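Heads up: the structure comes next, in C-alpha cells.
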C-alpha cells in the first residue's frame with residue numbers, strides 16, 4: 001500500500017508530509033496500517049476541516065493507486081476523530097516518517 005501522509009496544526013502549527021510504502025515498513029506496523037487504512041474504515045473516520053480549532057492536529061491521507069486501481073482516495077482526520085484505531089496508526093506512521101528523516105541527516 002502506497003500513501004501520502006501529512007500532519008499539521010497543533011500548538012506549533014508545523015506541517016510534516018511524506019510518501020510511504022507499507023512494503024518498506026516493519027512487518028507489524030505494515031500489517032496494522034494495511035488493516036486500519038481500508039477505504040471503508042477511513043470514510044467512516046474522516047472528518048471535515050474545523051477552522052475554529054486551530055490547535056488540533058489535522059491529518060491528510062492520500063492512498064495512491066495500485067495495479068489497475070486508478071483512483072486516488074483522499075481522507076482528512078483530526079485528532080478528535082472517533083476512530084482511535086486509525087489515529088493510532090497515523091501517529092505511528094508519522095513517527096516512522098520523523099525517524100526516517102532523522103536517519104537521512
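Key figures
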| item | result |
| --- | --- |
| Count of segment 7-32 residues which are in contact (Cβ under 8 Å) with a residue 40 or more places away in the chain, buried (at least 16 other Cβ atoms within 10 Å of the Cβ) and in contact with a strand residue (DSSP E or B) (Cβ under 9 Å, 6 or more places away or on another chain) | 4 |
| Counted residues, segment 83-105 - those being in a loop (DSSP other than H, G, I, E, B) and either touching a strand residue (DSSP E or B) at 6+ places or on another chain (Cβ under 6 Å) or surrounded by 10 or more Cβ atoms within 10 Å (Cβ to Cβ) (or both) | 1 |
| Of all residues in segment 4-24 being touching a helix residue (DSSP H, G or I) at 6+ places or on another chain (Cβ under 8 Å) and closer than 17 Å to residue 86 by Cα, the one that is modelled with the lowest pLDDT | 7 |
| Lone unmet requirement of (1) under 14 Å from the mean Cα position of the chain (by Cα); (2) surrounded by fewer than 12 Cβ atoms within 10 Å (Cβ to Cβ); (3) at pLDDT below 85 for residue 35 | (3) |
| Residue check for residue 60: under 13 Å from residue 78 (Cα atoms), outside any helix (DSSP H, G or I) and modelled with pLDDT of 90 or more | yes |
| Subset of segment 58-105 (residues that are farther than 17 Å from residue 3 by Cα and touching a residue at least 12 places away in the same chain (Cβ under 8 Å)) | 78, 79, 80, 81, 82, 83, 85 |
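The values are calculated or read from the model by the stated rules, or taken from the named source; none is laboratory data. Not measured: the values here are computed from a predicted model. Ideal geometry is used to build each Cβ from the backbone, glycine not excepted, and the neighbour counts take in all protein chains shown.
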